[in-house]
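The structure appears below as structure tokens.
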Amino acid sequence: MSKGYSEMMGLEVAGNYQHLITIFQQAVSSYQVSPWFCIPPEACRIYQSEGGLTQVVLLGTTQFSQLFINEAAGRIKIVGVVDDFKAKDGAAFHGIPIISSEAMLRLAREQRIISINGCRYDYSRRYFKNLTLQHVIPMLNFEQALRLLSISPCTDHRIDDWGGYIASHAAELIALSHRLDDDYSRFTLFSVLLSHLTCNPEWILNAAKPYLTLYFRSGLWLPSQGERFADCGASIAESTKAFIDATDGVFKKIWMIEPDEVNQRTIASFITDYSGPPVTGEKGVIELLGVALGSEDGEMPFLHEGGHGGHLLAAPTDQAICRNVAVRRLDGLLDDSPTLIKMDIEGAELETLKGAQEHILHGRPKMAISAYHRASDLLDISKYVEGLRGDYKIGIRHHTEERWDTCLYFY
């Protein structure tokens, strides 16, 4: 008799991707029986019994707690957010009372509650995990909470539950693994898929590389001196700075493409202050292009949040930071053919690749393409690039301890 996922869920620590395929297939089978297979049974019983009256306490005044409030509004009753440091001020967190740990324990003694841990860093995450275990309070992480409430798709596609997509495309994802060029990429692929499918971020820790290795230190290829680099989603210049470090400042050109008005000021200051390589030689050109990218030229609404959060919108909102931006095809935007393309543009990667097909077809640039904003990114992006050129090697790396920053490499 074959084992189910629950009997095989110990982490694979030997780097054996073939073992991960077996675990992945068992997890898919378990999901098909019940998407709740990875959720604590007591939480399932409470929600099945109470439905929209289920009382929920969020653990931590964090980004993920805020995201849950946004997505779960009206589906359950969020009665408090635990933050022992802020509770004494009697403040609220996005309209929800901030309470102490002791207040949560009193509430749990009086009625059945579900706690949802919005903390992702180990110290605070472990504190709440130990507290809820000690007092027998069912606790879910953010991904489990979305799964329990069947919140899919989310209003923000970047935090969607990928479980249904992965289960229905399991055969295609296994086929993708055979197309990858190295075993570590295959190990990374199934670690990422298992993390999303089972709502267990521990799978990602098994394969994650440090954030500082993103794009240019993946171990798959190195940028050469003399590159023409298209930094698509230049943000606050981290990627360009990492590229300059990787090439010792010797390059032909960098196009820093960034539509966010807040970030553009940061980039302009960086370009002004950049002094070039500390050796005698020709200084490379850095150019800021303040547009968004897509498959067609046009105009779209954009949230100018600054940092990493700004993104295109399907329709405008009444937010003050929502303003239209020009959208351009990469093929018609650049004054030369890039030798290296990086993309991290909040889910617009596939459309931007479609607008760069001439560069890809005729120039065969190396590419580092973010593939974590949508459940379909890994398949759709790799299929599109392979449809243009079948001579790329493909690799995958994951560069944080979080759900963010899975990257496809074409080289």
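The single condition from (1) part of a helix (DSSP H, G or I); (2) outside the structural domain of Thr272 (by TED's automatic domain parsing); (3) surrounded by fewer than 22 Cβ atoms within 10 Å (Cβ to Cβ) that Phe190 fails is (3).
Filtered by the rule that a residue be assigned to a loop (DSSP other than H, G, I, E, B) and either of a type in the set (Ser, Thr, Tyr) or surrounded by 17 or more Cβ atoms within 10 Å (Cβ to Cβ) (or both), region 140-174 gives Leu149, Ser150, Ile151, Ser152, Thr155, Asp160, Asp161, Trp162, His169.
The set of residues in region 228-253 that are under 14 Å from Ser370 (Cβ atoms) and surrounded by fewer than 18 Cβ atoms within 10 Å (Cβ to Cβ) contains only Glu238.
When the strands (runs of 3 or more DSSP E) confined to region 291-386 are screened for residues that are surrounded by fewer than 20 Cβ atoms within 10 Å (Cβ to Cβ), those reaching at least 2 such residues are found at 298-303, 322-328. Looking only at region 113-139, residues that are out of contact with any Cys (no Cβ under 7 Å at 6 or more places or on another chain) and buried (at least 16 other Cβ atoms within 10 Å of the Cβ) come to 16 in all. Check region 200-209 and report whether any residue there is buried (at least 18 other Cβ atoms within 10 Å of the Cβ) and in contact with a Leu (Cβ under 6 Å, 6 or more places away or on another chain). Yes: one or more hits. Looking only at residues in region 156-208 that are within 15 Å of the chain's Cα centre (by Cα) and β-branched (Val, Ile, Thr), the one that is nearest to Ile116 (Cα to Cα) is Ile159. Kindly indicate whether any position in region 245-267 is assigned to a loop (DSSP other than H, G, I, E, B), free of Cβ contacts under 8 Å to residues at least 60 places away in the same chain and closer than 25 Å to Leu350 by Cβ. There is at least one residue in region 245-267 that is assigned to a loop (DSSP other than H, G, I, E, B), free of Cβ contacts under 8 Å to residues at least 60 places away in the same chain and closer than 25 Å to Leu350 by Cβ.
Of the strands (runs of 3 or more DSSP E) entirely within region 17-114, those holding at least 2 residues that are closer than 22 Å to His196 by Cβ occupy 55-59. Total residues in region 356-381 satisfying the condition of being within 22 Å of Ile286 (Cβ to Cβ) and more than 13 Å from the chain's Cα centre (by Cα): the figure is 7.
Return a yes/no flag: does region 274-287 have any residue that is surrounded by 11 or more Cβ atoms within 10 Å (Cβ to Cβ) and touching a helix residue (DSSP H, G or I) at 6+ places or on another chain (Cβ under 7 Å). So far as region 274-287 goes, yes, one or more of its residues are surrounded by 11 or more Cβ atoms within 10 Å (Cβ to Cβ) and touching a helix residue (DSSP H, G or I) at 6+ places or on another chain (Cβ under 7 Å). Answer yes or no as to whether Pro223 is within 30 Å of Ile257 (Cβ to Cβ), part of a loop (DSSP other than H, G, I, E, B) and in contact with a Phe, Trp or Tyr (Cβ under 8 Å, 6 or more places away or on another chain). For Pro223, the condition - within 30 Å of Ile257 (Cβ to Cβ), part of a loop (DSSP other than H, G, I, E, B) and in contact with a Phe, Trp or Tyr (Cβ under 8 Å, 6 or more places away or on another chain) - is met. You will find that of Gln32, Gln55, Gln25, the residue that is under 15 Å from Ala145 (Cβ atoms), at pLDDT 95 or above and not hydrophobic (A, V, I, L, M, F, W, C) is Gln55 and no other. Of all residues in region 115-126, those being assigned to a loop (DSSP other than H, G, I, E, B) and either over 30 Å from the mean Cα position of the chain (by Cα) or charged (D, E, K, R) (or both) number 1.
The values are calculated or read from the model by the stated rules, or taken from the named source; none is laboratory data. As the structure is a prediction and not an experimental result, all values here were calculated from the model. Every residue, glycine among them, receives a Cβ derived from its backbone with ideal geometry; neighbour counts consider all protein chains shown.
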